[in-house]
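Novice: Structure in structure tokens, see below.
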Amino acid sequence: MRCLATVAVASLLGCASTTRQQARHAMAKGTEAEPRLAMATSGEPGVGDISATRPAASAAEYGIEVVAMRRSAAGYMLDLRYRIVDPERARAFLDRSRRPYLIDEATGAEFRIPSSPKIGALRQVPQKPDPERTYFMFFANPQRFIQPGNHVTLVADDCRLEGIVVE
């Protein structure tokens, strides 16, 4: 079942050359629990530390609080979890017509939210934001370019949340 999900994500991202056999081989290399354990025990500043993923000015300045930025779908997706603190200031992130994206701070590469004709963009856009709820955005990570420990910037129009560390 996980292999089919990997193939589906790979095809959604435009990686049509990924076959089921390649997906099985990638899944057999190791589990996702091993890298997380290594991150939690690595002792590097910012790695595995949830407080390091939250830029200090994000809640006050842009109305959202970044909860976590993790790799997902065998590393082919980036999963951003956030809370809306102030709906007025978070307007840039709540507008469906705006397309937020990530920038890798080391290289300047941009990562977009994939969208398919049947399911639409892989992000939640609430009509009535609830500060108690955590929302998500998925970004494509082709060829697993972004790795744990990388710093990324979330951009939506003129709003820029810098220094988000990927777990």
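Read the figures in this text as sums done on the coordinates, not as results from a lab. Quick caveat: nothing in here was measured; it's all calculated off a predicted structure. Glycine also receives a Cβ, built like all others from the backbone with ideal geometry; neighbour counts cover every protein chain displayed.
Novice: Amide H of S72: which non-local residues (sequence gap of 5 or more, or other chain) have their own amide H closer than 5 Å, using H built in the peptide plane?
Specialist: M77, L78, D79
Novice: Along the three principal axes, how long is the range 90-160 when you take its alpha carbons, biggest first, rounded to the nearest angstrom?
Specialist: Principal extents (largest minus smallest coordinate, Cα): 36, 28, 23 Å.
Novice: Order of 120-128, 72-80, 141-149 by packing, highest average Cβ count within 10 Å first?
Specialist: With the highest mean Cβ count within 10 Å placed first, the list reads 72-80, 141-149, 120-128.
Novice: Taking K and R as +1 and D and E as -1, what net charge do the other residues with C-beta under 10 Å from the C-beta of I113 add up to?
Specialist: Here the count lands on +3.
Novice: Next question, about the same structure. Along each of its three principal axes, how wide is the spread of alpha-carbon positions in the range 46-165, in whole angstrom units, largest first?
Specialist: Cα spread of the range 46-165 along its principal axes, largest to smallest: 37, 35, 25 Å.
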